[in-house]
């Protein structure tokens with residue numbers, strides 16, 4: 001019966017083009033988040049390769065670089081370590097506009113600023129590179145920055161790709177926390193009613209009366225700034241909707257015949273709630289979970305923009321907007337608009353998926 005219901009729900013969901021669009025975007029975001037350090041041209045930890053000489057460049061900017069071996073030895077990292085955290089560059093990136101080989105020296109015109117270069121000579125011995133089976137006297141590469149560079153000379157596209165992880169992580173952690181608290185309190189209030197319901201509803205109304213952003217600020221300041229602290233802070237403020245919805249659903253379900261039959265058979269309250277009540281009220285919860293996911297992404301971006309969310313150099317879309325919003329009214333608005341469009345697209349995907357789930361599960365408002 002459950003399988004037939006699941007198939008019917010999936011058929012209705014597939015007919016919803018908006019929901020399928022949301023699923024595709026979310027699926028692509030998950031793939032990008034997993035492979036970010038392999039997909040990004042800047043595969044360093046946090047995509048934090050700073051080349052200040054090329055800061056603030058427009059989309060499509062192309063620059064030549066001399067890869068100069070670093071003096072210290074860079075330790076090799078495993079595949080999984082690189083997958084999670086990236087790997088440090090083995091070379092220093094020197095922006096150049098021209099180079100030539102003269103005797104035992106490499107002479108470059110080092111790029112300083114638009115129209116400004118400096119002649120620098122390096123002994124060939126100092127420019128020798130060795131990476132696996134690749135060996136040579138020096139290495140010159142040309143790199144294209146498809147979305148330009150920020151004021152520190154970091155690749156915007158690379159930071160955008162790595163920043164997907166923060167947005168998806170905050171949504172996931174927030175949903176898990178809000179569902180855990182909201183389902184527990186909502187189920188207890190709706191099932192037991194009486195003074196339990198009164199106490200939980202009083203607590204819910206108190207939390208409901210506090211503006212979400214203000215409550216997040218208070219929890220963030222109490223826990224401190226950081227990656228995990230902001231996730232927990234947002235999660236602790238978004239369980240109220242879940243609890244109210246679960247309570248309303250449980251109030252109606254607890255009067256059903258199968259719940260009365262479970263009581264007559266002598267089953268305990270925990271078993272009745274977990275095995276018989278909650279599985280029949282999870283449709284609305286899935287819809288509100290998708291909505292909470294989208295809201296969490298927006299709140300995290302707002303907190304990072306205000307400086308109390310994810311801290312530099314970790315890439316967050318909200319933090320990227322903060323670092324580059326001055327460019328909106330100057331020569332390069334894409335530095336701030338690109339993460340803004342990314343936030344809009346991912347939030348739209350979760351909202352459209354939520355709307356599709358509401359229709360497919362035939363949830364009544």
query = Among the candidates 94, 141, 108, 112, which residue alone is modelled with pLDDT of 80 or more, surrounded by 11 or more Cβ atoms within 10 Å (Cβ to Cβ), more than 25 Å from residue 43 (Cβ to Cβ) and not assigned by TED's automatic domain parsing to the domain that holds residue 336?
reply = 112
ask   = If you check 221, 265, 214, 303, which single one turns out to be more than 18 Å from the chain's Cα centre (by Cα) and in contact (Cβ under 8 Å) with a residue 60 or more places away in the chain?
value = 221
remark   = Quick count over the range 252-277, residues being part of a loop (DSSP other than H, G, I, E, B) and surrounded by 14 or more Cβ atoms within 10 Å (Cβ to Cβ), is 2
Test: residue in the range 123-134 that is closer than 29 Å to residue 148 by Cβ and at pLDDT 85 or above = no
query = Within the range 31-50, which residues are within 17 Å of residue 146 (Cα to Cα) and either touching a strand residue (DSSP E or B) at 6+ places or on another chain (Cβ under 6 Å) or outside any helix (DSSP H, G or I) (or both)?
reply = 40, 41, 42, 43, 48, 49, 50
key: Meets criteria (over 23 Å from residue 293 (Cβ atoms) and in the same structural domain as residue 348 (by TED's automatic domain parsing)) for residue 7   = yes
request  = Would you check if there is a residue in the range 54-70 being assigned by TED's automatic domain parsing to the domain that holds residue 140, buried (at least 17 other Cβ atoms within 10 Å of the Cβ) and part of a helix (DSSP H, G or I)?
outcome  = yes
query = Are any residues in the range 278-301 in contact with a helix residue (DSSP H, G or I) (Cβ under 7 Å, 6 or more places away or on another chain), in a helix (DSSP H, G or I) and within 20 Å of residue 186 (Cα to Cα), and if so, which ones?
reply = 278, 280, 284, 285, 286, 287, 288, 289, 290, 291, 292, 293
query = Restricting attention to the range 14-53, which residues are touching a helix residue (DSSP H, G or I) at 6+ places or on another chain (Cβ under 7 Å) and over 30 Å from residue 312 (Cβ atoms)?
reply = 14, 16, 18, 19, 20, 21, 22, 23
inquiry  = Yes or no: the range 312-322 includes at least one residue that is out of contact with any helix residue (DSSP H, G or I) (no Cβ under 6 Å at 6 or more places or on another chain), in a helix (DSSP H, G or I) and under 24 Å from residue 154 (Cβ atoms).
reply    = no
key: Residue in the range 231-246 that is at pLDDT below 85, assigned by TED's automatic domain parsing to the domain that holds residue 294, surrounded by fewer than 23 Cβ atoms within 10 Å (Cβ to Cβ) and not in a loop (DSSP other than H, G, I, E, B) present   = yes
request  = Evaluate the following for residue 147: is it in contact with a helix residue (DSSP H, G or I) (Cβ under 6 Å, 6 or more places away or on another chain) and outside the structural domain of residue 208 (by TED's automatic domain parsing)?
outcome  = yes
message = For the range 323-333: of the residues being surrounded by fewer than 18 Cβ atoms within 10 Å (Cβ to Cβ) and part of a helix (DSSP H, G or I), which is nearest to the chain's Cα centre (by Cα)?
response = 325
query = Pick from 209, 178: which is more than 23 Å from residue 313 (Cα to Cα) and out of contact with any helix residue (DSSP H, G or I) (no Cβ under 8 Å at 6 or more places or on another chain)?
reply = 209
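The values are calculated or read from the model by the stated rules, or taken from the named source; none is laboratory data. Just so we're clear, the structure is a prediction, and the values are computed from it rather than from any experiment. Cβ: placed from backbone, ideal geometry, glycine included. Neighbour counts: every protein chain shown.
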